[in-house]
1. Quick check on my filter: what residues within the stretch 64-98 are of a type in the set (G, A, S) and either in contact (Cβ under 8 Å) with a residue 60 or more places away in the chain or farther than 26 Å from S238 by Cβ (or both)?
2. Restricting attention to the stretch 99-118, and to residues there that are touching a Pro at 6+ places or on another chain (Cβ under 8 Å) and open to solvent by 30 Å² or more (accessible area, probe 1.4 Å), which single residue is nearest to W237 (Cα to Cα)?
3. Any idea which residue in the stretch 58-70 is nearest to Q231 (Cα to Cα), counting only those that are open to solvent by less than 20 Å² (accessible area, probe 1.4 Å) and not in a strand (DSSP E or B)?
4. Give me a count of the residues in the stretch 71-86 that are outside any strand (DSSP E or B) and more than 15 Å from the chain's Cα centre (by Cα).
5. Take I230 and decide whether it is open to solvent by less than 40 Å² (accessible area, probe 1.4 Å), modelled with pLDDT of 50 or more, part of a strand (DSSP E or B) and out of contact with any Phe, Trp or Tyr (no Cβ under 8 Å at 6 or more places or on another chain).
6. Which of the residues spanning the stretch 26-57 are more than 16 Å from the chain's Cα centre (by Cα) and outside any strand (DSSP E or B)?
7. Which members of the stretch 71-94 meet the condition of being open to solvent by 10 Å² or more (accessible area, probe 1.4 Å), at pLDDT 95 or above and under 24 Å from L135 (Cβ atoms)?
8. Of the conditions (1) assigned to a loop (DSSP other than H, G, I, E, B); (2) under 19 Å from G86 (Cβ atoms), K119 satisfies every one except a single condition; which number is it?
Amino acid sequence: MAGRLRAAPCCLRVWSWFWGCGQTNISCKNVNGKLVEVGKWPWQVSILFLGMNICSGSLIHRQWVLTAAHCLQRSKDPLSYSVKMGVQSLSENGTELPVTRIVIHEGFTNLSQDLALLKLRDSVSWSPLIQPVCLPNPKLKPSFGSLCWMIGWGKMDIHVNPQSPYSLQEVAVKIINNDICNQQYKFLFLTDQKKLLGNDMICAASHLGMDTCQGNSGNSLVCRMNNTWIQMGVVSWSFSCNRRHFPGIYTSTSYFTDWMKKEMGDVKFVSRAGPACLSPVFLTSSILLISLGCLWLL
């Protein structure tokens, strides 16, 4: 059912390799005696602070992870952080890489421009369980009413208190007009403030009321276009878990695409497929494709 947090049915599929972003490699794995679907969201990573999971993030490049800026308020020292990937449950021994650089958006406040980049010390090795997600072209916006998915390990129901280890979860949400969200959050406005949500934010909620709760910071909001998953947002904040009148607020990735390009300055951006990276390229005008360490802006 759309909007309901669910464990995806295990499907028997042959491993397939995709050398482009936003592709999945779904298979089944025996975890504690149960068949679990793995590889459905291969870009999702766990951000660790001193070895403890604190937030989620998404792999957007062989050496870069996208997350929420407020996840990194404990310390600005990159040596305190590492990233675990390629796992369905946080108890699994996946690939863990140390962080060598933290980039927080210079305009970050508690309620806006909540975006950060983590540079990994080493490049990841792609596998069926580790793949990058696509980023949108700056002009691409999710249409109101469209169905997208919020992915992460956090709590998505105020009445459920999962115990560690958490398993990767998903919840369907619909994109809501920011004008409607501004009306719902009007009580938070400062004196003479006309709106709370700007163009750098996306508002989305499940019709069942299930949405972002504790531990979901940095989770990815992904939408599917042309059989490709695009990350349209990063979980930022919500007023109250599971309250239908208070949707979840996400940082818009398309609003910050140019900022990410600037900060990831050592990464080569090209407008056409070329010899810099030997990789098939999906021909589309609305997606920033990231593959094999190069960023393809098509």
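1. A68, S80, S82, G86, S89, S91, G94
2. If we take residues in the stretch 99-118 being touching a Pro at 6+ places or on another chain (Cβ under 8 Å) and open to solvent by 30 Å² or more (accessible area, probe 1.4 Å), then I102 is nearest to W237 (Cα to Cα).
3. The residue in question is A68.
4. Adding up the residues that qualify gives 9.
5. So I230 passes the test.
6. Residues satisfying the conditions are I26, N32, G33, L50, G51.
7. Within the stretch 71-94, P78, S82, K84 meet the criteria.
8. So K119 meets the others, but not (1).
The values are calculated or read from the model by the stated rules, or taken from the named source; none is laboratory data. Here the structure is a predicted model, which is why all the values come from computation and not from measurement. Glycine gets a Cβ as well: all are built from the backbone with ideal geometry, and neighbour counts include every protein chain shown. Side chains included, ligands, DNA and RNA excluded: accessible areas come from the protein's heavy atoms. Shrake-Rupley method; radii C 1.70, N 1.55, O 1.52, S 1.80 Å.
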